[in-house]
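*Asks:* Attaching a single structure in structure tokens format; questions to follow.
The values are calculated or read from the model by the stated rules, or taken from the named source; none is laboratory data. Owing to the predicted nature of the structure, the values given are computational and were not obtained by experimental measurement. Neighbour counts run over all protein chains shown; Cβ positions are idealised from the backbone, glycine included.
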Amino acid sequence: MKSRLSKALDAVKAMLDWLKAGLAGGQPALTPVPVQVKANGSSSADEPCKRSSGSLRQSSLSGRRGRAGRSGRGSAMSEFGPALFFLFIFAVFPVLDIIALCFGYISCVTMNDLQLREAAKLPKSLATAQAGPVQQTIPQQYMNTVMGAFSGLTALPATNVSYSVGTTTIYVTVDTTVTVRPFLTIPFFVKVPGLGEPASFTISNSRILENPRFAIE
């Protein structure tokens, strides 16, 4: 402890002598400032250099990390657009078309059931007439409803009414062929029914004729 104080006092005295010589107009003699040498061989004068070099390294590393983060975010944004495009074209839009096609099918099944109930109560001449209630009136009225409007029908369905004789009863069969347009037309699925072009399907149901005499009237 005493050696350190003595060294500090010697340094202060040397500095005062140097200042006095400068004020007197003479050439001050440069007195070497003692430098403490540590056990590992490094001096105290090297510490500011080390600190400055360390700060430079940290600033350069932080700059590199910032540039790397910005480039990573930029590449992610550039890849997000094509991925979103393929997601909508090959996943979202086809699912919407399939849901709309299922709704159109259920709607047409409901219309076929209405036609079949009417055909079971009418004579054969009225049930098979093209301008009759089964083949024209019921489809027109159904397409004017909310469910019929959202079914996607492109035109009036083609209806065929036939009769079959069982052991003790007579059955009437109504075949309804409909064409449903896709909810969204996807250009990459041009030849796929329900996705790129209208889909056609036939719904057939049978019912017991209420009056067997209607089969010959």
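*Asks:* Restricting segment 165-217 to residues that are among the charged types (D, E, K, R) and within 16 Å of E118 (Cα to Cα), which is modelled with the lowest pLDDT?
*Replies:* Step one: list which residues in segment 165-217 are among the charged types (D, E, K, R), which gives 175, 181, 191, 197, 207, 210, 213, 217.
After this cut, where a residue has to be within 16 Å of E118 (Cα to Cα) as well, the list is 175, 207, 210, 213, 217.
Numbers: D175: 97, R207: 94, E210: 90, R213: 88, E217: 75.
Within segment 165-217, the match that is modelled with the lowest pLDDT is E217.
*Asks:* When both residues are 6+ apart or on different chains and their Cβ atoms are under 9 Å apart, which pairs have a first residue that lies in segment 187-200 and is more than 16 Å from A155 (Cβ to Cβ), and a second that is assigned to a loop (DSSP other than H, G, I, E, B) and hydroxyl-bearing (S, T, Y)?
*Replies:* Within 9 Å, the pairs are L195/T185; G196/T185.
*Asks:* Also: Specify the residue that is surrounded by the fewest Cβ atoms within 10 Å (Cβ to Cβ); the eligible residues are those in segment 189-213 that are of a type in the set (A, V, I, L, M, F, W, C) and either assigned to a strand (DSSP E or B) or in contact with a strand residue (DSSP E or B) (Cβ under 8 Å, 6 or more places away or on another chain) (or both). Walk me through how you get there before you give the answer.
*Replies:* From segment 189-213, those of a type in the set (A, V, I, L, M, F, W, C) are 189-190, 192, 195, 199, 201, 203, 208-209; that's our starting set.
Now restrict to residues that are either assigned to a strand (DSSP E or B) or in contact with a strand residue (DSSP E or B) (Cβ under 8 Å, 6 or more places away or on another chain) (or both): 190, 199, 201, 203, 208-209.
Details: V190: 10, A199: 18, F201: 15, I203: 19, I208: 12, L209: 24.
Here the answer is V190.
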